[in-house]
Amino acid sequence: MYRQGAILKDPEDLEVLTLSRTSSPSDLLFGSLQFAAVLVWLGLYQFRTAEAAIIIAALGVGDGIAPMVGHWYGRHDYQMPLASQKTMEGSVVGVFLGTVVGCYLYMYLLGIPLLPLRIVLAYGGIAAVVEGTAPGNLDNLTVPIAIHFSLDKVQEWLPA
């Protein structure tokens, strides 16, 4: 599927034009491959856990709708060192609220006990900050890593 876009680096390839947000051949590998690797890890080691629901909500819902929200409604641009340009609307509405809503949706659908709101809000905040400061196109890796290593700390700092 990605042979012409990723290997031959043809920017006019139909797959590149259809599947990448920036019409860049390398965009197919950065986002899609990283997302697929995270999904494999979640499926093998975190299947039907709260951690998987939080991470998939942050990436699938939050990070997934952030570019659209930023494109349509973004008025306040910002750029952190080493990161690409983002909008406050995309980070706050897209990543933060998308993570919170998606987290509850996935936990409910999977039959996982729902976490208290303050804990889910903390994870939404972590996802938004990490996504906004992630270097280059590495947000699909940095967000799951940050959430994974903050799970115990958030539960410790905000006890149920």
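The values are calculated or read from the model by the stated rules, or taken from the named source; none is laboratory data. As the structure is a computational prediction, the values presented were derived from the model and not from experiment. As a convention, Cβ positions derive from the backbone with ideal geometry for all residues, glycine included, and neighbour counts pool all protein chains shown.
Please verify whether residue 31 is within 12 Å of the chain's Cα centre (by Cα), at pLDDT below 85 and closer than 13 Å to residue 131 by Cβ, treating the condition exactly as stated.
So residue 31 fits the description; yes.
Select from segment 111-151 the residues that are under 15 Å from the mean Cα position of the chain (by Cα) and among the charged types (D, E, K, R) and list them in ascending order.
131, 139
Can you confirm whether segment 56-71 contains a residue that is over 27 Å from residue 121 (Cα atoms), out of contact with any His (no Cβ under 6 Å at 6 or more places or on another chain) and either assigned to a helix (DSSP H, G or I) or modelled with pLDDT of 85 or more (or both)?
no
Going residue by residue through segment 74-82, is there one that turns out to be over 9 Å from the mean Cα position of the chain (by Cα), of a type in the set (Phe, Trp, Tyr) and assigned to a helix (DSSP H, G or I)?
For segment 74-82, residues over 9 Å from the mean Cα position of the chain (by Cα), of a type in the set (Phe, Trp, Tyr) and assigned to a helix (DSSP H, G or I): absent.
Each row is one residue, and each column tells you yes or no for (1) of a type in the set (Val, Ile, Thr); (2) closer than 16 Å to residue 141 by Cα.
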residue: 31; (1), (2): no, yes
residue: 48; (1), (2): no, no
residue: 52; (1), (2): no, yes
residue: 57; (1), (2): no, yes
residue: 71; (1), (2): no, no
residue: 90; (1), (2): no, no
residue: 93; (1), (2): yes, no
residue: 96; (1), (2): no, no
residue: 101; (1), (2): yes, no
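For the subset of segment 87-105 comprising residues that are crowded, with 20+ Cβ neighbours inside 10 Å and not hydrophobic (A, V, I, L, M, F, W, C), which member is farthest from the chain's Cα centre (by Cα)?
Among residues in segment 87-105 that are crowded, with 20+ Cβ neighbours inside 10 Å and not hydrophobic (A, V, I, L, M, F, W, C), the one farthest from the chain's Cα centre (by Cα) is 87.
Which of the residues spanning segment 40-50 are buried (at least 17 other Cβ atoms within 10 Å of the Cβ) and assigned to a helix (DSSP H, G or I)?
The answer is 42, 50.
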